[in-house]
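In what follows, a structure is listed as structure tokens, so that the remarks can point back to it.
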Amino acid sequence: MVLSVISAYAEGYINLYALLSTGLYVALYHCAINTKRAIIRAILSTVFVITSLALALHWVPGFNNLPIVINERITSDAITFTLYANFDKAMAGLFLCAYFISNLDSSKKPLKTAPKKI
């Protein structure tokens, strides 16, 4: 993740504001995962999910997404479309997956079903 953020900054796909936002987002993720008190963890987790939503909806400025396809038409009468590689949306998805996977408790045993009566 660090290399992708550094290379995105070097190539100009994110600016200094987005670099700061990314750092704060990673710190929020770390705090939400490692906090021991339940109420603080619930608050930080809620803020983390809301921040992820803000990133995925492009509400956080500073990300200049790379255009992959520009003004292409599939057929002659179709409208043109442009496709972007979204750095902020991918980062939010990656960290949300990591957050929910880290919250899985491997010590819990799966629920047992009731035995079938014949």
Choice from Leu24, Leu53, Leu96 with maximal GNM fluctuation in the chain (Cα, 10 Å cutoff): Leu24
Ordering of 5-11, 33-39 by burial proxy (mean other Cβ atoms within 10 Å per residue, highest first): 5-11, 33-39
Neighbour-limited loop hits for chymotrypsin sites (Phe, Trp or Tyr not before Pro), region 43-75 (at most 11 other Cβ within 10 Å; DSSP other than H, G, I, E, B): Trp59
Kirkwood-based Rg to Rh ratio, region 43-89, C-alpha trace: 1.21
Solvent-accessible area per residue, Å², over the chain with all protein chains present [probe radius 1.4 Å]: 75
Set of region 78-102 residues, backbone N closer than 19 Å to the point 7 Å along the Cα-Cβ line of Val2: 91, 95
Accessible area, probe 1.4 Å, largest first, for residues Leu44, Leu16: Leu16, Leu44
From the coordinates shown, Cα Rg over 2.2 N^0.38 Å corresponds to which of (1) 1.44; (2) 1.08; (3) 1.49: (3)
Carbon and sulfur %, accessible surface of the chain computed with the full protein complex present, 1.4 Å: 68
Within the chain, helix-based [θ] at 222 nm, where runs of 4 or more DSSP H residues each add -39,500 (n - 2.57), nearest 500: -18000 deg cm²/dmol
Rough spin-label spacing in nm, given labels placed 7 Å along Cα→Cβ, for Arg73 and Cys97: 3.7
FRET efficiency for Lys36 and Asn65, using Cβ-Cβ distance with R0 set to 25 Å, rounded to 0.05: 0.10
Residue of Ser21, Ser102, Ser45 that the Gaussian network model of the chain assigns the largest fluctuation, springs spanning Cα pairs under 10 Å: Ser102
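The values are calculated or read from the model by the stated rules, or taken from the named source; none is laboratory data. Remember, it's a predicted structure, so these values are computed and weren't measured experimentally. Note that each Cβ is placed from the backbone with ideal geometry, even for glycine, and that neighbours are counted across all protein chains shown. To get the accessible areas, we keep the full protein, side chains included, count just its heavy atoms, and leave off ligands, DNA and RNA. Shrake-Rupley method; radii C 1.70, N 1.55, O 1.52, S 1.80 Å.
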